[in-house]
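Laboratory data are not the source of any read-out in this text; all were calculated from the coordinates shown. Note that the structure is a prediction, hence the values are computed from the model and not measured. Note: ideal-geometry Cβ built from the backbone for every residue, glycine included; neighbour counts use all protein chains shown.
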Amino acid sequence: MTNDQSFMNKHHFLLRRLHSLTGIVPIGLFLIGHLTTNSSIIWGAINGRATHAMDPELVEGVGKATAGQVGTFQHEVTFINESVPFLILIEITLWLSIAFHSILGIYYARTGKANTKRYEYQGNWRYTLQRISGYVGILFIVYHVATLRWGWTWLIPGGTKWDYEYASSTLAMALKGSETGDWTFLGVLVSLLYLLGVTMLVFHFANGLWTAAITWGVTITAKAQRNWGYVCAALGAGLMAAGWGALFGFLFVDVQAAKDIEEEMLRKKSADIVEPEAVSMIPATEHTLVAIEA
Amino acid sequence: MIQSNDDTDLATDTRGHAANGKGPSGARTIRVRIKRADSHGKNVRWEEFKVDLPSAGERDGAINVIACLQQIASNPVTVDGTRSTPVTYESGCLEEVCGSCTMVINGKVRQACSCLVDDYAPNDGDLITLEPMSKFPVVRDLWVDRSRLFKALASVKAWVPIDGTYDLGEGPEETPDEQQTRYKLSTCMSCGCCLEACPQYTLEEDESKFDESFVGAAVISQARYFNMHETGATMKKQRLDTLAGPGGINNCGNSQNCVKVCPKEIPLTESIAAMGRSVTLHRIKEFFSGR
Ligand code: SF4
Ligand code: SF4
Ligand code: FES
C-alpha cells in the first residue's frame, strides 16, 4: 500500500464527508449567490431604484431597462469589491474548498467505471454526468477565474481586461472576443464554453444536493428521495434560468450604452465621496473655532 | 422444466412475441452464444451453439437458459461443426432463490434459471448471449468466484450472535412493521446482480485488497437487516465501523442501478440511505463520547 493510499484509508470517513459538505457549503452556497448577482443583468430591468440617481437624459437615451440592468449589476459588483469585509479571506476559503472538492472528486471518480451502455437507467446517467460535469466544471472555473479575476488576458480572445468598475461592458467584451463588443469566432467559442460550464456546474450542484441527502441519511425511503428530488430539480431549474439569463444578458447588452452608464455611476461615486467630507468638515471646523474662541 | 413467474424488468428488453407459427409456442431452433474461458482471462473465446426447442405441446412448461446449457452439454458441437466441451456454470435451486446461476444474459445480469427462452428468443434463429459476470474472477466459462462478496458479508458480521455459554432464551418481540421490512431484506440470495450492475463495484482479483474494496449494495443491506434485529443489534457498532471505513458505504456513488436489477426487489437504495444515517450518527456519537 502506498503512503497516500494509507492516508486516504485512515481518514476515509472524514475526507468523504468533507468532500460532500464542501460541495454544499461554501461552494454551492456561493454558486447561488453568484448566479443571483449575475442574473441582475436581466432582473435589473425592473429595479426602479437603480436609475434614480442617474442623469434622466442618459437613462432616456439608453432606455430605462438597459440602465436598470447595467446599473443594478454594477451596483452589486461595486458593493462586493468595495464593501464586503475580508473579501480576500472569503476568496481563499472558496479556493481551498474548490481545490479540495475537485482533487478528491477526481480521486473518487476514478474508483468507478461508468456502465450506461448496458444499464441505461436515468439514475445511472446522472451518476455518469455527475462525474463528467465535475471535470468540465473545474476546467471552466479555472478559465473563468484566471481570465476575469487574475487578469490572464492572453486567454481572452480580444485580449481585453475585465474591470470591476466597468463590469458589464468589459465582461461583454471578454465573452465576445472584441473591444467593440462585436462577435468574433473565438468569442462564440468562449460564450459556448460559458454556456456549457454554467449548465454543467448547476447540474452538478443540484444532483449533488440530491445525493448528499442519501449520503448523510436525510432522505431514506424512495418516496422521500423522490420528494427531495423535486426540490433539487426546482432549485436546479431556477439556477439554470439565472445562469443562462446572466450569460445571455451580458451577450446581448449594448456595450456602448453599458459603458455610458458605468461612467455616469463612476462620476456619481467620486462626487459622493467628496461631498459628504466637504459637508461634515465645515461644521466641525466651525465648531472647533467656536470652542477656541470661547 | 421451470415454470417461473418472471417479473424482473430485465427480460422486457428482448421480449417480443412473434405471431407466426414458429412463435414462442412453436418448435424452433435458436442460437446460444457463450463467452467461455479456461480460467480468468485465459483462452477467452466466444462459441455459438444451436439449441432445438420442442413445441409447447411436446414439452412440459417453459424452457429456461439452464435447460439450453444442459442440451449443449449433451452434444457440445458448435455451429461451425467443431466438437467442444460442455459449458461450466453454477446452479442450485433452479427457482431463483440460491443465486448461484447469476450471469450476464443479452448484456444484462440476471439468473439463468428464471430466464425463459420464450421471452428471450421467441423466433426461429433468435440469438441469446451468455457471459460470466464481469465483476468477479472467472473460475471457468460462466462460473465465477464470488468469495469477495462472502468475505464482505463476514466483514459486516451478517449474522445473529446466538452462541453463548448459556441459553439466551427466546428472541425479543418484533412489530409487524419491522417484520415486514426485515422480511424483504431477508430474501437476499447473495446473487451478485446488484454488484455486477454497480459502477462503483469493480473487479478485484487481489484477495489482499478485498478489505478496502467496495462491499456493495447487498452487504450494506444485510448489515441493515441484522442491525434491525434485536439480538443482531448487539454487534451494531462493529457493523457500522466496517461500513464507515474504506470500501464501506461512502464508496457508493448513488447511481441506484442496484435497486433496478435486484431480482428480489429489495429496496437497496433505502438500505443504503438508512445505513448512511446510522453511520453518520455513529460517527458523531463516537466523536463526542470518545468511544
Ligand atoms: S440484494 Fe438483490 S441483487 Fe443483490 S445479492 Fe441480494 S438478491 Fe442479489
Ligand atoms: S446506488 Fe451505490 S451501490 Fe447501488 S449501484 Fe449505485 S453506486 Fe452501486
Ligand atoms: S439456480 Fe438458484 S437462483 Fe438460479
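Structure data summary
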{"quantity": "Förster radius 51 Å - calculated FRET efficiency between B:Phe210 and B:Thr29, Cβ distance, rounded to 0.05", "calculated": "0.70"}
{"quantity": "Long-range amide H partners of B:Thr102 with built H, under 5 Å", "calculated": "B:Ala112"}
{"quantity": "Between helix A:255-293 and chain A: long-axis angle, C-alpha atoms, 0 to 90°, nearest 10", "calculated": "60"}
{"quantity": "Length added when fully stretched, B:Asp145-B:Glu230, from 0.36 nm per residue minus Cα-Cα", "calculated": "27.3 nm"}
{"quantity": "Degrees separating the helix A:29-38 axis from the principal Cα axis of chain A, which is the longest one", "calculated": "50"}
{"quantity": "Chain A - percent relative contact order, Cα under 8 Å, separation 6 or more", "calculated": "22"}
{"quantity": "Separation of the B:Leu127 and A:Phe30 label points, Cα + 7 Å toward Cβ, nm", "calculated": "5.2"}
{"quantity": "Cα convex hull of chain A - mean projected area over all directions, nm²", "calculated": "23.6"}
{"quantity": "CD proxy at 222 nm, helix term only [per DSSP H run n ≥ 4: -39500 (n - 2.57); per residue of chain A; nearest 500]", "calculated": "-25500 deg cm²/dmol"}
{"quantity": "Residue order, fewest to most surrounding Cβ atoms within 10 angstrom, among A:Thr128, B:Thr175, A:Thr66, A:Thr184", "calculated": "B:Thr175, A:Thr184, A:Thr128, A:Thr66"}
{"quantity": "Residue-wise HN-Hα coupling along region A:56-61, computed from phi with Karplus coefficients 6.51, -1.76, 1.60 (Hz; x: Gly, Pro)", "calculated": "x, 5, 5, 4, 4, x"}
{"quantity": "Cβ-derived FRET efficiency at R0 51 Å, A:Ala233 paired with B:Ala154, nearest 0.05", "calculated": "0.80"}
{"quantity": "Nearest-20 debye value, region B:146-289 charge dipole, Cβ charges on Lys, Arg, Asp, Glu", "calculated": "360"}
{"quantity": "Overall dimensions of region B:146-289 as given by Cα atoms, namely Rg and Dmax in Å", "calculated": "15.2, 46"}
{"quantity": "Within 10 Å of each Cβ in B:240-252, the average number of Cβ atoms from other chains", "calculated": "4"}
{"quantity": "Amide H within-cut-off set for B:Leu53, under 5 Å, with H built and near neighbours excluded", "calculated": "B:Arg28, B:Thr29, B:Ile30"}
{"quantity": "Averaged over A:9-17, number of beta-carbon atoms from partner chains that fall within 10 Å", "calculated": "5"}
{"quantity": "Whole-Hz ³J(HN,Hα) from phi, Karplus 6.51 cos²θ - 1.76 cosθ + 1.60, for region B:214-219, glycine and proline x", "calculated": "3, 6, x, 4, 4, 6"}
{"quantity": "For chain B: relative contact order, % (alpha-carbon pairs under 8 angstrom, 6 or more apart)", "calculated": "18"}
{"quantity": "Local electrostatic count, B:Asp80, Cβ distance below 14 Å [Lys/Arg +1, Asp/Glu -1]", "calculated": "+3"}
{"quantity": "Residue order, fewest to most beta carbons within 10 Å, for A:Ser6, B:Ser74, B:Ser114", "calculated": "B:Ser74, A:Ser6, B:Ser114"}
{"quantity": "Estimated FRET transfer efficiency when R0 is 60 angstrom, pair A:Trp183-B:Arg182 (beta carbons, to 0.05)", "calculated": "0.40"}
{"quantity": "Normalised alpha carbon radius of gyration of the protein assembly as shown [divisor 2.2 N^0.38 Å]", "calculated": "1.31"}
{"quantity": "Whole-Hz ³J(HN,Hα) from phi, Karplus 6.51 cos²θ - 1.76 cosθ + 1.60, for region B:57-70, glycine and proline x", "calculated": "x, 8, 10, 9, x, 7, 10, 10, 5, 4, 4, 5, 5, 5"}
{"quantity": "Dipole in debye (nearest 20) - region B:28-143, about Cα centre, beta carbon charges: Lys, Arg +1; Asp, Glu -1", "calculated": "500"}
{"quantity": "Within-12-Å neighbourhood charge of A:Phe13 [Cβ basis; K, R +1; D, E -1]", "calculated": "+2"}
